[in-house]
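The values are calculated or read from the model by the stated rules, or taken from the named source; none is laboratory data. Predicted model only: the values in this text are computed from it and were never measured. Reconstructed Cβ throughout: ideal geometry from the backbone, glycine too, with neighbour counts over all protein chains shown.
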Amino acid sequence: MAKPYSLDLRERVKQAVDEGHTHDEVAAMLKVGIATVERYLARWRQKGSLAPDKFGGHMRHKLADHEAKVRALLKDEPDQTLLELCDKLADSGITVSKSALDRFLKASGLTYKKNSGGDRTKTPRRGGSSRRVA
């Protein structure tokens, strides 16, 4: 997602309109869209400020409220896979995707077994590469 334009540009837009330029002229002069000029002026009329709203930030994990439950499940069976853990959480009424569970576990510093063999999940290549041509 793109960052909001600077407050300096926003103030130049308002100043140009206050000097009597049309919205089209201001947009062309400052190389912004006409809709941008109109949004800034509407913001000034509604809020009395041109400053952008808060941008970005951190979203809480969906499982943040259920951390104790996740920790208990991992303590009972520390070598379960993500899918097994998702299924156990679903049995408790907590629905979460595998990727959301993975992000939560990493952020919480919790570990889990990645797959049943502990190796790569991809099957090994067969034939071709080990054959010699005489």
Practice prompt. Answer yes if at least one residue in region 55-76 is among the acidic types (D, E), at pLDDT below 90 and more than 25 Å from the chain's Cα centre (by Cα), and no otherwise.
Written response: yes
Discussion item. Within region 37-57, take every residue that is among the hydrophobic types (A, V, I, L, M, F, W, C) and not in a helix (DSSP H, G or I) and give me the one that is surrounded by the fewest Cβ atoms within 10 Å (Cβ to Cβ).
Written reply: F55
Worksheet item: R60 is checked against (1) touching a helix residue (DSSP H, G or I) at 6+ places or on another chain (Cβ under 8 Å); (2) assigned to a loop (DSSP other than H, G, I, E, B) and fails just one. What number does that condition carry?
Response: (1)
Worksheet entry | Residue ID - surrounded by the fewest Cβ atoms within 10 Å (Cβ to Cβ), chosen from residues in region 7-36 that are of a type in the set (K, R) and within 30 Å of the chain's Cα centre (by Cα) | K31
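Results for (1) closer than 15 Å to E67 by Cβ; (2) assigned to a loop (DSSP other than H, G, I, E, B); (3) at pLDDT below 90, shown as yes or no for each residue.
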{"site": "D79", "(1), (2), (3)": "no, yes, yes"}
{"site": "A90", "(1), (2), (3)": "no, no, no"}
{"site": "G93", "(1), (2), (3)": "no, yes, no"}
{"site": "S99", "(1), (2), (3)": "no, no, no"}
{"site": "A107", "(1), (2), (3)": "yes, no, yes"}
{"site": "R120", "(1), (2), (3)": "no, yes, yes"}
{"site": "S129", "(1), (2), (3)": "no, yes, yes"}
{"site": "A134", "(1), (2), (3)": "no, yes, yes"}
